[in-house]
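Step one of this worksheet: look at the structure below.
The values are calculated or read from the model by the stated rules, or taken from the named source; none is laboratory data. Owing to the predicted nature of the structure, the values given are computational and were not obtained by experimental measurement. Glycine also receives a Cβ, built like all others from the backbone with ideal geometry; neighbour counts cover every protein chain displayed.
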Amino acid sequence: MLKTFSRAAAMVIMVTAAILTSPTIIQKPQNLAAYQERASVAIGEKYNESPNQIVVQVIGKKDDRASRLSKFLASQGSPLQSEAANLVVIADRYDLDWRFLPAITGVESTYGQAVPAGSYNPYGWGNGSAYFKDWSNASDYVAGQIRSRWGNLGKITPWKVGPGYAANPHWAARVNFYMTLIGNYQ
């Protein structure tokens, strides 16, 4: 115990001595104004600006989600290709990930290729028995239902929606897989 105390006391004495003998602590600059002027000139010359000025450059990125989705749906032979821009708008309206609705169509109907005739139901809504007047109506309705049913759970994800949307326990993993495919498509 005494050995530890002695070491701590010696350490305190050494740190105090270092601080007291430090030229930056004890000695004040002889001409502080000249020092500050040199520093501000050096900073200004280096950046060719006033030392009190901050330059920020913001580079925006074009929203290419609709274009990417359209290309992806075309690559899948989907009749929903022409709905790509509308799917992005609907996703934004209901605060859903833009890839979520198209991924559901991938799982439920191979991106709208396997739907009951005239149903416009690529989501398998109502166990596939729901009929809509067009693709847009189906997407808007399903997105609204997803938001109202699962929106209280916070950010909507396949994992939160899956147990109530589909009986298949692998549904969420499959939707998530398709979301990744869509997101990575260029």
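With the condition kept exactly as written, say whether any residue in region 63-73 is in a helix (DSSP H, G or I) and either modelled with pLDDT under 70 or more than 30 Å from ASN121 (Cα to Cα) (or both).
no
Of all residues in region 81-130, those that are among the hydroxyl-bearing types (Ser, Thr, Tyr), touching a Phe, Trp or Tyr at 6+ places or on another chain (Cβ under 9 Å) and more than 17 Å from ASN176 (Cβ to Cβ) total 4.
Being more than 30 Å from ILE104 (Cβ to Cβ) and either at pLDDT 70 or above or aromatic (Phe, Trp, Tyr) (or both) narrows it down to one residue among VAL41, VAL12, VAL88; which is it? Let's see the steps before the verdict.
Numbers: VAL41 fails: either at pLDDT 70 or above or aromatic (Phe, Trp, Tyr) (or both); VAL88 fails: more than 30 Å from ILE104 (Cβ to Cβ).
Among VAL41, VAL12, VAL88, only VAL12 is more than 30 Å from ILE104 (Cβ to Cβ) and either at pLDDT 70 or above or aromatic (Phe, Trp, Tyr) (or both).
Look at TYR141 and say whether it is within 20 Å of PHE72 (Cβ to Cβ) and among the aromatic types (Phe, Trp, Tyr). In short, no. Among the residues making up region 116-172, those that are part of a loop (DSSP other than H, G, I, E, B) and under 14 Å from ALA103 (Cβ atoms) are PRO122, TYR123, GLY124, ILE156, THR157, ALA166, HIS170.
Scanning region 114-145 for residues that are touching a residue at least 24 places away in the same chain (Cβ under 8 Å) and on the phi < 0 side of the Ramachandran plot, we see that the one that is nearest to the chain's Cα centre (by Cα) is ALA143. In the list GLU83, GLU108, which residue meets the criterion of being of a type in the set (D, E, K, R), farther than 20 Å from ASP63 by Cβ and either assigned to a helix (DSSP H, G or I) or modelled with pLDDT under 95 (or both)? Among GLU83, GLU108, only GLU108 is of a type in the set (D, E, K, R), farther than 20 Å from ASP63 by Cβ and either assigned to a helix (DSSP H, G or I) or modelled with pLDDT under 95 (or both).
Is it fair to say LYS155 is under 17 Å from ASN86 (Cα atoms) and exposed (fewer than 14 other Cβ atoms within 10 Å of the Cβ)?
Criteria not met by LYS155.
Results for (1) surrounded by fewer than 22 Cβ atoms within 10 Å (Cβ to Cβ); (2) of a type outside the set (A, V, I, L, M); (3) in contact (Cβ under 8 Å) with a residue 12 or more places away in the chain; (4) not assigned by TED's automatic domain parsing to the domain that holds TRP171, shown as yes or no for each residue.
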site	(1), (2), (3), (4)
GLN81	yes, yes, no, no
ARG99	no, yes, yes, no
GLY106	no, yes, yes, no
GLY112	no, yes, yes, no
ARG147	yes, yes, yes, no
